1. Over the Cα atoms, compute the radius of gyration (one decimal) and Dmax (the largest Cα-Cα distance, rounded to a whole number) for the chain, in Å.
2. Spin-label point model (7 Å from Cα, Cβ direction): what's the S165 to R97 distance in nm?
3. Taking 0.36 nm per residue of separation and subtracting the Cα-Cα distance, what length does fully extending R83 through A55 add?
4. Please report, as a whole percent, how much of the solvent-accessible surface of the chain comes from carbon and sulfur atoms (probe radius 1.4 Å).
5. Among DSSP beta bridges whose residues both lie in segment 30-186, state the antiparallel percentage, nearest 5.
6. Where nothing but the Cβ of Lys and Arg (+1) and of Asp and Glu (-1) is charged, how large is the charge dipole of the chain around its Cα centre, in debye to the nearest 20?
7. Under a plain spin-label model, where a point goes 7 Å from the Cα along Cα-to-Cβ, how far apart in nm are A24 and S153?
8. I'm a student and want to see the number: the projected area of the Cα convex hull of segment 9-74, averaged over all directions, in nm².
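The values are calculated or read from the model by the stated rules, or taken from the named source; none is laboratory data. Here the structure is a predicted model, which means the values were calculated and not measured. Cβ placement follows ideal geometry from the backbone for every residue including glycine, while neighbour counts extend to all protein chains displayed. The accessibility values were calculated without ligands, DNA or RNA, using every heavy atom of the protein model including side chains. Shrake-Rupley method; radii C 1.70, N 1.55, O 1.52, S 1.80 Å.
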Amino acid sequence: MTPRLRHYASTPTDVEQATAPLIAVYAQVREPLLHLPNYAVPTFTERLGRHGREAGFGAVVAFDAEDRPVGYAYGNTVENEDRWWTRMGDVDAGFTRSPALALKEIGVTLPYRGTGLARRIHDELLAGRSETYVSLMVNAAAGDGKVKRVYESWGYTAIGTSQPSPGSPVLTAMIRSIATTEDRVL
């Protein structure tokens, strides 16, 4: 059975309802990294709480036939002076001139990797957004570069680097238009 997607908005009720499934699926997806401080569940929980209170929060969680969370993505709106942009250094003002969606997290559990579920979740998160661009940060070494190449195949291009916290690896900042040419043709 194809996983069912559930969209959560920035209302306090939705954020509250999204928290438990987001934490549960995050712990499964990041399990090999949970021993690292930046990936520890309490660290993620703190970030999720902060992001859930920020403007334009949205999340999509995929559930299997037994109603277990098996994939997720979430993000929120960022303005031109947001630390999302400022910690990247010199970013083209064309990208920061108007609000953008910062894709903070995306992942699927091992049995669903390579099935297209991550792209479905991603596209559902972007559907109906009013921002012009979506930006994300990726560890370029993840999966020996495979994860970055997946994002490139989705239309993202590198625009800089960022180290969000001292315990974080240096990440590649990437961006694309919310509505790609491919999306507009469909």
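1. Cα radius of gyration and Dmax of the chain are 15.6, 46 Å respectively.
2. It is 3.5 nm.
3. Numbers: separation 28, 0.36 × 28 = 10.08 nm, distance 1.37 nm.
8.7 nm is the gain from fully extending R83 to A55.
4. Whole-percent figure for carbon plus sulfur exposure: 54.
5. That works out to approximately 85 percent antiparallel.
6. 240
7. Taking the two extended label points, one gets 3.0 nm.
8. Mean orientational projected area (segment 9-74, Cα hull): 4.4 nm².
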